[in-house]
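Asks: The structure follows.
The values are calculated or read from the model by the stated rules, or taken from the named source; none is laboratory data. Note that the structure is a prediction, hence the values are computed from the model and not measured. Virtual Cβ from ideal backbone geometry, glycine too; neighbours counted across all protein chains shown. Surface accessibility is based on the protein's heavy atoms, side chains included, excluding ligands, DNA and RNA. Shrake-Rupley method; radii C 1.70, N 1.55, O 1.52, S 1.80 Å.
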Amino acid sequence: MTIPPLILCAEDEPQLLRDICDELRAAGYRVAQAPNGTILLHQLATCTPDLVLCDIMMPGLDGFDVLARMRRDHPHLAHVPLVFLSALSMTDAIIRGKRAGADDYLTKPINFDLLLSTIEARLRQSTQARAGITQAAGIGRHLLDRLSVGVVLFTPDGTLSSANAAADRILSDHDTPVARSLSEPVRRLGARALAGDEDSISLLLDEFTGCIVQLHACPPDPVAGTPAMVMAFLTGQTAQGLLSAQALNTLFDLTPTEARVARHLASGLRPDQIAQELGIAATTVAFHLRNIFAKTGTHRQADLVALMLSLPLRDKG
């Protein structure tokens with residue numbers, strides 16, 4: 001069963017507030033109501049509306065104050081449409097509302113047919129936008145997991161929020177728990193992010209494996225609806241991804257055997273070990289290497305290995 005959208009309505013005229021809420025309920029919406037802007041903001045701590053109706057001229061916090069605080073203090077509600085209600089029909093009031101970030105503007109006395117059609121249209125747009133965000137997030141997750149560079153997200157207090165596949169591999173190769181190694185610098189940058197500042201530091205996570213971590217403070221983004229966070233990029237021996245055999249064929253016209261030889265060399269095997277791995281003679285490996293050098297424009301094994309490790313995308317295997 002689909003749950004009806006929740007409309008949060010703030011209006012300081014009691015009778016008008018009751019009339020609006022009755023119309024919304026009759027149209028099938030769930031309704032939460034507030035007699036002023038302060039109570040509306042308090043309700044946002046306990047409910048997540050699908051749309052907000054807000055009078056502009058209210059005692060205490062007016063509609064513009066409500067909108068500013070909502071976007072500042074509740075970035076996770078950035079996708080929630082806000083429709084202003086006002087007896088002011090002057091053009092400058094409408095322009096101010098639009099510039100403040102209101103999604104729509106209705107004048108009093110309220111035309112309830114127009115009110116319901118406006119709500120329906122704004123909810124439809126919001127649903128389409130969230131569907132696009134969800135799709136983009138899925139694409140982003142796929143791309144993150146294809147990176148050979150580790151990417152980790154932390155909350156400002158140092159809690160690990162998410163990590164891509166490369167980060168999982170890198171961290172699993174370290175005896176020292178990452179939380180213990182990074183907790184202090186992550187919390188320090190987390191405080192900077194909460195303050196709205198950007199900052200970055202780099203450090204060596206493990207001097208024996210050469211894992212380098214770059215930490216970045218990411219302030220909240222009210223427009224995108226993202227909270228403050230700390231992003232970590234991890235690079236090291238396990239972070240290096242090999243060009244796939246298909247990529248080697250496309251880029252350099254390597255044969256399947258030449259591609260296997262090149263990949264084994266980049267994985268750290270010596271030519272004699274490659275010969276043993278592939279079950280061929282060492283002279284055959286040397287022959288393939290000469291062809292590989294000619295096709296890739298390299299002249300030394302070190303140059304070939306560097307080329308093989310030049311892309312940040314990991315091979316799917």
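Asks: Does residue 215 fit the bill of being open to solvent by less than 40 Å² (accessible area, probe 1.4 Å), modelled with pLDDT under 65 and part of a strand (DSSP E or B)?
Replies: It is false that residue 215 is open to solvent by less than 40 Å² (accessible area, probe 1.4 Å), modelled with pLDDT under 65 and part of a strand (DSSP E or B).
Asks: Which one is most open to solvent (accessible area, probe 1.4 Å), of the residues in the stretch 286-304 that are over 23 Å from residue 276 (Cα atoms) and over 41 Å from the mean Cα position of the chain (by Cα)?
Replies: 299
Asks: Okay, moving on. Testing residue 197 on (1) in a loop (DSSP other than H, G, I, E, B); (2) at pLDDT 85 or above; (3) closer than 27 Å to residue 49 by Cα, one condition comes back false. Which one is that?
Replies: (3)
Asks: If you scan the stretch 104-118, which residues turn out to be of a type outside the set (Phe, Trp, Tyr) and open to solvent by less than 50 Å² (accessible area, probe 1.4 Å)?
Replies: 104, 106, 108, 110, 115, 116, 118
Asks: Pairs please, first residue from the stretch 187-199 and under 14 Å from residue 214 (Cα atoms) and charged (D, E, K, R), second anywhere and open to solvent by 50 Å² or more (accessible area, probe 1.4 Å) and not in a loop (DSSP other than H, G, I, E, B), Cβ atoms under 9 Å, 6+ apart in sequence or on different chains.
Replies: Listed by first residue and then by second, the contacts come to 198/192; 198/216; 199/188; 199/192; 199/216.
Asks: A follow-up question, please. Just for strands (runs of 3 or more DSSP E) wholly inside the stretch 8-109: which have at least 2 residues that are without any contact (Cβ under 8 Å) to a residue 24 or more places away in the chain?
Replies: Filter on the stretch 8-109 gives 104-107.
Asks: Enumerate the pairs (first residue in the stretch 259-273 and closer than 17 Å to residue 246 by Cα; second residue anywhere and modelled with pLDDT under 90 and surrounded by fewer than 17 Cβ atoms within 10 Å (Cβ to Cβ)) with beta-carbon separation below 7 Å, excluding pairs fewer than 6 apart on the same chain, so at least 6 apart or on different chains.
Replies: Listed by first residue and then by second, the contacts come to 259/249; 265/301; 266/309.
Asks: Here's another thing I want to ask about it. Within the stretch 95-136, how many residues are polar (S, T, N, Q) and at pLDDT below 80?
Replies: Selection size over the stretch 95-136: 5.
Asks: Here is a further query. What are the pairs with Cβ atoms under 8 angstrom where one residue, in the stretch 141-157, is within 14 Å of residue 218 (Cα to Cα) and the other, located anywhere, is at pLDDT 65 or above and basic (Lys, Arg)? Sequence gap at least six, or different chains.
Replies: Partner pairs satisfying both residue conditions: 156/187; 157/187.
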